[in-house]
Amino acid sequence: PLVKSMEIVEKPSVKYSDIGGLEKQIQELREVVELPLKNPAIFKELGVQPPKGVLLFGPPGTGKTMLAKAVATESNSTFIHVVASEFAQKFVGEGARIVREVFELAKKKAPSIVFIDEIDAIGAKRVDLGTSGEREIQRTLMQLLSELDGFQPLDNVKIIAATNRVDILDPALLRPGRFDRLIEIPLPDLKARKDILQIYIKKMKVRLDNFDIDKIARYTEGFSGADIRNICTEAGYIAIREGRREIYVDDFIKAINRVNENRKKEEYKSR
Ligand code: ATP
C-alpha cells in the first residue's frame with residue numbers, strides 16, 4: 001500500500017446475502033453503482049447519467065462499510081478503502097497527494113470502488129480557516145473535489161463515502177456531479193434485526209428448541225448490526241465459559257442484558 005491509511009482489498013468477499021435488512025438500500029446501490037460498472041453501455045445508449053459518488057449516512061455499526069464491500073464484490077471491482085480522518089492531519093500537501101494517488105490507483109485498477117469512510121473528517125463545513133491544520137484539511141478537500149470533477153460518470157470508477165454526520169458536511173461536496181446521491185442507512189427495525197440475528201445464528205451451534213428469535217429481536221431495540229453481532233459472540237463466550245458445546249437462548253438474553261446495563265451506566269455517567 002502507498003500509505004498506512006489505505007487498505008486495498010482487491011477482491012472483497014462480502015455478499016449482499018451477508019447483510020441483514022437494508023433491502024431498499026441494496027437495491028438502490030445496485031442501480032446506481034453496480035449496474036453502471038457492469039454495463040455502462042446501457043447507460044450510454046439511453047443517455048442516462050448515473051451518479052459518480054454516493055454518500056451513505058447513518059449511525060455507526062449499521063453496515064455502511066459492509067455495503068460498499070458487497071457492491072465491490074458483486075460488481076467484480078477493486079475495492080479501495082481509505083479513512084478520511086487518517087489523512088486529514090498529515091504534513092503540508094500530503095493529504096492532497098494521497099487523494100491524488102488514490103484516484104490514480106482507482107483508474108489503474110478499474111473497474112473500482114473507492115470507499116471513503118468518515119468523510120466528515122475532511123468534508124465538514126469550515127467557518128474558520130485560522131490554523132495551518134485547518135488550511136491543510138481544506139486543501140485535501142479541494143483536491144478531492146477536483147478529482148471528483150475530473151472524471152466522467154461512466155469512467156469505471158465509483159466513489160462511495162460514509163459518515164455519521166451528514167448535517168455538518170460542506171454543501172460543496174453534495175453538489176450535482178459530486179456526492180449527489182444520499183442513501184440513509186438507519187438502525188435496523190425489528191424485521192432487520194431478526195434478519196441479522198438469523199445470519200449470525202446460522203453460523204453458530206445454537207440449541208434451537210424453544211429458541212424464539214422474534215423475542216430476541218425485540219430485546220435488541222436500538223441496537224446496530226454491529227451490536228447484534230457482538231451479542232452473538234458474547235453469547236458464544238458465555239457457553240464456552242460454562243464448558244458447554246451448545247449455545248442456549250439464555251446466553252443471548254444474558255449478553256443483551258449486559259449491553260443494556262452498560263448503556264445505562266454510560267447514560268448515567270454522561271448526565
Ligand atoms: P462505522 O460508521 O462505525 O464505520 P459501519 O456502518 O461502516 O460503521 P460496518 O463496519 O459495516 O458498519 O459494520 C460493522 C460490523 O457489524 C460488520 O462487519 C458486521 O459484522 C456487522 N453488521 C453491521 N450491520 C450489519 C447488517 N446490516 N447485517 C449484518 N451484519 C452487520
Over 29 Å (Cα to Cα) - which of LYS15/LYS205; LYS52/LYS203; LYS108/LYS203 fall in this group: LYS52/LYS203; LYS108/LYS203
Coordinate range along principal axes, alpha carbons of region 55-136, Å, largest first: 44, 32, 15
Spatial extent of the chain: Rg and Dmax, with the Cα atoms as the point set, Å: 20.9, 64
Isotropic mean projected area of the C-alpha convex hull, region 119-203 (nm²): 8.4
Beta bridge orientation in the chain: antiparallel %, DSSP, nearest 5: 20
Relative pair counts by distance (%), Cα atoms of region 59-189, 10 Å bins: 12, 43, 35, 8, 0
Percent RCO, i.e. relative contact order, over region 95-206, from Cα pairs under 8 Å lying at least 6 residues apart: 35
Relative contact order of the chain, defined on C-alpha pairs under 8 angstrom at six or more residues apart (%): 24
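Over the Cα atoms of region 101-140, compute the convex hull volume and normalise it per residue, giving Å³. Can you show the working numbers first?
Working: hull volume 2.8 nm³, N = 40.
Here the figure is 69 Å³ per residue.
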Binned Cα-Cα distance frequencies in region 31-72 - 10 Å width, integer %: 25, 44, 23, 7
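Among ARG178, ARG258, which comes first, then next, by fewest other beta-carbon atoms within 10 Å? It would help to have the intermediate numbers written out before the result.
Values: ARG178 20, ARG258 13.
With the sparsest Cβ surroundings first, the list reads ARG258, ARG178.
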Isotropically averaged projected area of region 208-271, using the convex hull of Cα atoms (one quarter of hull area), nm²: 4.8
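By average Cβ neighbour count within 10 Å, what is the ranking of 20-26, 70-76 from highest down? Intermediate results must be reported in sequence, preceding the final value.
Details: 20-26: 19.1, 70-76: 21.7.
So the order, starting with the most tightly packed, is 70-76, 20-26.
Can you tell me the order of 199-210, 141-152 when each peptide is scored by its average per-residue count of other Cβ atoms within 10 angstrom, highest first?
Numbers: 199-210: 12.9, 141-152: 16.6.
The densest-packed peptide leads the list: 141-152, 199-210.
Can you tell me how region 144-255 classifies by the Cα gyration tensor, rounded, prolate or oblate, using a/c under 1.5 as the rounded cut?
Cα axes put region 144-255 in the prolate bin.
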Ratio of Rg to Rh over region 1-134 (Cα coordinates, Kirkwood Rh, two decimals): 1.00
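Since every read-out is calculated from the coordinates, none of them should be taken as a lab result. All figures in this text were calculated on a predicted structure; none of them were measured in a lab. Reconstructed Cβ throughout: ideal geometry from the backbone, glycine too, with neighbour counts over all protein chains shown.
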